[in-house]
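Written below as structure tokens is the structure these notes are about.
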Amino acid sequence: MKKQGLLLIMICLTLMTVAQTKIEIDGGIKGKRFSLKRNWGNLNYEVFGKGDPLLILHGNGGSVKGKYHMIPQLLEYHQVIAVDNRCHGLSDCPEGDLDYFDMADDIISLMQSLGHEKYSIWGHSDGGILGLIIGYKLTDKVDRMLLSGANTKLSGLKLELVAMMKNYEQIADPKTRTHVSLMYHQKEIPMDSIRRINVPVMLMVGDRDAVLMEHTMEIFKALPMSNLCVLPATSHFIDNEKPNHIAYWIREFKKPFLAPSTVEIANQMAKSLFDN
């Protein structure tokens, strides 16, 4: 009876994801485009290569297509699973406002339907926000994450940008208006939730990012297993300006997480000096 129930669940999950199209991107790299049926419509995602699954989550107003330039560098070790968030790219756009927590639930449903034991995640900007939510809601399915340009609250962004977002209702294009409204009405992710993300995280930010450096440090200090990478002469658009740095740190996922302590090293040196 249990086997029959398990089989039924597997069949249902299979029916939720339907292959749509074989695709080919620059460099002759072949992949497949799928859609995951959700209660608001279809979530588009594309799969390239073989290996350990790496989820790519794009930023506000972005899409899978905007990450095509990164995929060739990531296929050496990973199967790349790139997702169009709801109301982005080829995914459907439900009525009403967008919410990061709902969007994170979309990704969690995708992870569960694909059925991999563990996923690595690279999330940029909005994708980094989703990564933080997924990181504490589905920790046991996350191997490690690179989160670039992520914030947990609106006040974590530069004031000039927040002032621009405030005028989102004046934007003529309805989809863009929805995207900017999402950022402006961001619900805060509590730091107590961030502290539950007990997996290795590379937190990356440009030294001239949209995210305030002090807010990045707040996130960094809250994450139990994190490294911090501040890229010089870099804005919020990290993968356009420094794509090799993204690729390098994702390759480093294959190495053990390190968190060396200068204080511990100094204590050892002091002990050897003063104990003689």
Answer yes if at least one residue in the range 140-150 is free of Cβ contacts under 8 Å to residues at least 60 places away in the same chain, within 24 Å of residue 112 (Cα to Cα), open to solvent by 30 Å² or more (accessible area, probe 1.4 Å) and touching a strand residue (DSSP E or B) at 6+ places or on another chain (Cβ under 7 Å), and no otherwise. yes
Please count how many residues of the range 41-53 are under 30 Å from residue 96 (Cα atoms) and open to solvent by less than 40 Å² (accessible area, probe 1.4 Å). 6
Suppose we keep only residues that are part of a loop (DSSP other than H, G, I, E, B) and more than 11 Å from the chain's Cα centre (by Cα) within the range 112-138. Which one would you say is surrounded by the most Cβ atoms within 10 Å (Cβ to Cβ)? 138
So, in the range 63-93, how many residues would count as being free of Cβ contacts under 8 Å to residues at least 60 places away in the same chain and in a loop (DSSP other than H, G, I, E, B)? 11
Any residue that is in contact with a His (Cβ under 8 Å, 6 or more places away or on another chain) and not acidic (Asp, Glu) - is there at least one of those in the range 28-50? yes
Does the range 103-110 contain at least one residue that is surrounded by 17 or more Cβ atoms within 10 Å (Cβ to Cβ) and within 13 Å of residue 182 (Cα to Cα)? yes
For the range 58-111, enumerate the residues that are over 15 Å from the mean Cα position of the chain (by Cα) and among the charged types (D, E, K, R). 65, 76, 92, 95, 97, 99
Could you list all residues from the range 225-253 that are assigned to a helix (DSSP H, G or I) and hydroxyl-bearing (Ser, Thr, Tyr)? 248
Residue tally, condition in a helix (DSSP H, G or I) and either under 22 Å from residue 66 (Cβ atoms) or among the aliphatic types (A, V, I, L, M) (or both), over the range 254-276: 6
Output the residues belonging to the range 209-232 that are open to solvent by 60 Å² or more (accessible area, probe 1.4 Å) and either within 20 Å of residue 73 (Cβ to Cβ) or touching a Gly at 6+ places or on another chain (Cβ under 8 Å) (or both). 218, 230
Exactly one of these conditions fails for residue 257: (1) over 18 Å from the mean Cα position of the chain (by Cα); (2) more than 28 Å from residue 53 (Cβ to Cβ); (3) of a type outside the set (A, V, I, L, M); (4) surrounded by 10 or more Cβ atoms within 10 Å (Cβ to Cβ). Give me its number. (2)
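The values are calculated or read from the model by the stated rules, or taken from the named source; none is laboratory data. As the structure is a prediction and not an experimental result, all values here were calculated from the model. Methodologically, a virtual Cβ is constructed for each residue, glycine included, from the backbone with ideal geometry; neighbour enumeration extends over all protein chains shown. Please note that ligands, DNA and RNA were not included when accessible areas were found on the heavy atoms of the full protein model with its side chains. Shrake-Rupley method; radii C 1.70, N 1.55, O 1.52, S 1.80 Å.
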